[in-house]
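Some notes on the structure that comes next.
The values are calculated or read from the model by the stated rules, or taken from the named source; none is laboratory data. Because the structure is a prediction, the values reported are computed rather than measured. As a convention, Cβ positions derive from the backbone with ideal geometry for all residues, glycine included, and neighbour counts pool all protein chains shown. To get the accessible areas, we keep the full protein, side chains included, count just its heavy atoms, and leave off ligands, DNA and RNA. Shrake-Rupley method; radii C 1.70, N 1.55, O 1.52, S 1.80 Å.
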Amino acid sequence: MFKIINKNQIETHNKKYINNLKKDYDFFIRKVSRLKININNIKNELMNFNIAIPSWGVETGGTRFGKFPLKGEPNNIFEKIEDCAIINDLIGITKSISLHFPWDNVEDYKELREFTKNYGLEFDVVNSNTFEDLDNYKHSYKFGSLTHTNKNVRDEAIKLNIDCIKKGIKLGSKALTVWIPDGTNYPGQQDFSKSLDRYIESMKKIYAKLPSNWKIFIEHKPFEPGFYSTVINDWGSSYYSAKTLGEKALCLIDLGHHLPNTNIEMIVSRLIYLKKLGGFHFNDSKYGDDDLDSGSINPFMLFLIFNELTSAKQKKHLNSISYMMDQSHNITDPIESLILSAIEIHRAYAKSLLIDHKILDKFQKKNDAIFCLNHLKEAFNIDVTPLLEMIRYESGNAIHPIKFYRNLNYRRKKSKTRAEKTYLINKII
Ligand code: RM4
Ligand code: MN
Ligand code: MN
């Protein structure tokens, strides 16, 4: 930690804001002292929280209409790690990075691991890319990957996933997330059952190569790039696949991979009940897989999701869950978007810890709908900003990370040493 940002700079920044923060924090403590909660336990929970940054998230995203790269953007995985390190130096809750292969291929994985460790970061879940044809692919994924009708294509996609596991082992990762683009654009184009069969057969071969302490996450998505159907379209198909594969297979929920108005918190609860919830990809959306910044559209839903997680955790029904942000930052500096998103996720988690689930349970038994909702709303409406700021302060991170980052002029400085971006530069093979 603190390789790029000097710790003294953060201390100087914090000195400017600590007096006001202390006043705000005292007010917050007075307010929550009326609730039956142990604030030190909550603080510990929040300090131990971690959300992975995906390597592709520190680059400017884009839409099918275009991309507007920033000057000073990272051009390779080493530069991406520098950007992740800045984020973690400032907020302290993003200590891990998720890689995507083959986008993040390197010659020497040991070197990459050392380089990353030096910044106080480690590697989280690895991800596989079978959704585009990269230069060294022998076959085309135009009509699918793990579920393709042609066995040679399926075999190549299987090998690509197994290679991801091998790279992940070298990097200290403990899980692989598989999201496939496979699906169709026309009614009748595919036999729905046969394609699911092919998926299971391919996944079995990947599953067989998982080390004993590894997991495999299955990520569902209802549409895109297939606009008529996708093979792993919803949590039902995901659950069936995970159940068929075995204990190490779990379901991953990407918030944007649901049709508008889907009750995602209920899916979270169901998967916890079925002991098959493995991870999350956080983002926000208004219409579909918009990949907007977490908490920017529907912070109440984010809170309700954490309510399910916290309630299950308190009842000891929940094992460890992998959290990652999966967003596309099209018009902002990705570093700023990721900082704010991580804080929004942290905020939703903090608020969920203020809910007294015993009280909620009492109201539920009485069928007192108004008091149930009110109990949730009371926690949601408490401003936890001073708590999050105090946690950052006490952990040696910045009270106001965005203000600090703006003053750094990081992009301007980096634009002098980093090559200007072209569209294909992230595809290093
Ligand atoms: C997909 C999906 C995957 C991510 C890619 C880049 O829509 O969300 O998780 O790996 O995008
Ligand atoms: Mn995702
Ligand atoms: Mn997505």
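Probe radius 1.4 Å, ligands and nucleic acids left out: which of Trp214, Trp179 has the largest accessible area, and how do the rest follow? Each step should come with its number before you reach the end.
Working: Trp214 10, Trp179 45 Å².
Result, largest first: Trp179, Trp214.
For a quick protection proxy, order the peptides 146-157, 407-418 by their average other-Cβ count within 10 Å, most packed first.
By packing density, highest mean first, the sequence is 146-157, 407-418.
Separation between the Lys151 and Ile37 pseudo-spin-labels, each 7 Å from Cα along Cα→Cβ, expressed in nm?
For Lys151 paired with Ile37, the spin-label model returns 5.8 nm.
Would you please give the residues with an amide H less than 5 Å from that of Lys215, counting only those at least 5 places away or on a separate chain, with H modeled from the backbone geometry?
For Lys215, the qualifying residues are Ala175, Leu176.
Which percent, nearest 5, of DSSP beta bridges in the chain are antiparallel?
That works out to approximately 15 percent antiparallel.
Quick one: ranking Phe115, Phe27 by accessible area, 1.4 Å probe, largest first, what do you get?
Result of the area sort, largest leading: Phe27, Phe115.
Heavy-atom accessible area per residue, segment 130-262, 1.4 Å probe: how many Å²?
I get 47 Å² per residue for segment 130-262.
Evaluate the charge dipole of segment 323-429 about its Cα centre and quote only its size in Debye, nearest 20, assuming +1 on the Cβ of each Lys and Arg and -1 on the Cβ of each Asp and Glu. Working shown, then result.
On the way: 18 positive and 12 negative charges, 118 e Å.
Charge dipole, segment 323-429, about its Cα centre: 560 debye, nearest 20.
Relative to a virtual label point 7 Å from the Cα of Gln364 in the Cα→beta-carbon direction, which members of segment 372-390 show backbone nitrogen distances below 15 Å?
Residues 372-377 qualify, since their backbone N sits under 15 Å from the label point.
In a shell of Cβ-Cβ distance under 9 Å around Asp89, excluding Asp89 itself, what net charge do Lys and Arg (+1) and Asp and Glu (-1) give?
Working: positive: Lys3, Lys7; negative: none.
Surrounding charge for Asp89 is +2.
Only four residue types carry charge here, +1 at the Cβ of Lys and Arg and -1 at the Cβ of Asp and Glu. Report the dipole size of segment 159-263 about the Cα centre in Debye, rounded to the nearest 20.
Values: 14 positive and 10 negative charges, 135 e Å.
My answer is approximately 640 debye.
Determine the gain in length on full extension of the stretch Gln9-Phe143; use 0.36 nm per residue of separation and subtract their C-alpha separation, reporting nm with one decimal. Don't skip to the end; give the middle numbers.
On the way: separation 134, 0.36 × 134 = 48.24 nm, distance 5.24 nm.
Extra length available between Gln9 and Phe143 comes to 43.0 nm.
Between Ile29 and Phe371, how many nm apart are label points set 7 Å from Cα along the C-beta direction?
Result: 3.2 nm between the two label points.
Could you order His317, His220 so the one with the most accessible surface comes first? Probe is 1.4 Å.
Output order, biggest surface exposure first: His317, His220.
Separation of segment 93-163 and segment 172-235 by C-alpha centroid, Å?
Each part's Cα centre sits 15 Å from the other's.
With r as the distance between the Cβ atoms of Asn19 and Phe223 and R0 = 56 Å, compute the FRET efficiency 1/(1 + (r/R0)^6) and round to 0.05.
Efficiency for this residue pair is about 0.60.
Counting only heavy atoms of protein chains, what accessible area per residue, in Å², does segment 1-46 have with a probe of 1.4 Å?
For segment 1-46, the solvent-accessible area averages 72 Å² per residue.
Computing the accessible area with a 1.4 Å probe over protein heavy atoms, can you report the carbon and sulfur percentage for segment 276-429?
54
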